[in-house]
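K.L.:
For reference, the structure I am asking about is given below.
The values are calculated or read from the model by the stated rules, or taken from the named source; none is laboratory data. No experiment lies behind these values; they were computed from the predicted model shown. Neighbour counts are summed over all protein chains in view; Cβ atoms, including those assigned to glycine, are modelled from backbone coordinates with ideal geometry. Areas reflect the complete protein model, heavy atoms only, side chains present, ligands, DNA and RNA absent. Shrake-Rupley method; radii C 1.70, N 1.55, O 1.52, S 1.80 Å.
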Amino acid sequence: MKVSDVMTHGVHLANPEETIAAIAKRMADEDLGFLPVGDDERLVGMVTDRDIVVRAVAQGRDPNAVKVSDVMTPDVRYCFADEDLDHVVQNMGDIQVRRLPVVDRDKRLVGVVSLADSALAHDTEKAGIAMSGVTQPGGPHSQ
């Protein structure tokens, strides 16, 4: 099974210059916990609801003044739409992430894949094993 068989299509990008207040509202309205961050069609980072809370709100920073670029994770990890899903799920556990942007071979964003997508559509056991890796301390959002 390929990533494209289970991924979520029609993903929107956050702009690095948007405020976290605007992004948080969009995330709440669309029931999202994660948005890829893009600058002119190029992925430059990822922002999660946890990034906003830990890197801004908990520090008393003004959500109307803090930009996405100030709280995002700049280390962009992604996978390709035509990759084998089992391989990608294993990799997600290894790098301790629950979601990955999905790009085509021209590196254009085409979707997002999550461990939940894999569990619902494919293999709950492999997704569970990957999730156990995600829940270990020291992942990319532990800063």
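K.L.:
For the range 1-25, how many residues meet the condition of being more than 15 Å from the chain's Cα centre (by Cα) and either without any contact (Cβ under 8 Å) to a residue 24 or more places away in the chain or more than 16 Å from Pro101 (Cβ to Cβ) (or both)?
P.N.:
Summing the residues that are more than 15 Å from the chain's Cα centre (by Cα) and either without any contact (Cβ under 8 Å) to a residue 24 or more places away in the chain or more than 16 Å from Pro101 (Cβ to Cβ) (or both) in the range 1-25 gives 9.
K.L.:
Hey, can you tell me all the residues within the range 58-69 that are in contact (Cβ under 8 Å) with a residue 24 or more places away in the chain and open to solvent by less than 80 Å² (accessible area, probe 1.4 Å)?
P.N.:
Within the range 58-69, Pro63, Ala65, Val66, Lys67, Val68, Ser69 qualify.
K.L.:
What's the number of the condition Ala116 fails, among (1) over 22 Å from Thr73 (Cα atoms); (2) at pLDDT 55 or above; (3) open to solvent by 20 Å² or more (accessible area, probe 1.4 Å)?
P.N.:
(1)
K.L.:
Please specify each residue of the range 31-41 satisfying the condition of being loosely packed, with under 15 Cβ neighbours inside 10 Å and touching a residue at least 12 places away in the same chain (Cβ under 8 Å).
P.N.:
Across the range 31-41, the qualifying residues are Gly33, Asp39, Glu41.
K.L.:
Collect the residues in the range 1-30 that are touching a Ser or Thr at 6+ places or on another chain (Cβ under 8 Å) and open to solvent by 30 Å² or more (accessible area, probe 1.4 Å), keeping them in residue-number order.
P.N.:
Those that are touching a Ser or Thr at 6+ places or on another chain (Cβ under 8 Å) and open to solvent by 30 Å² or more (accessible area, probe 1.4 Å): Thr8, Glu17.
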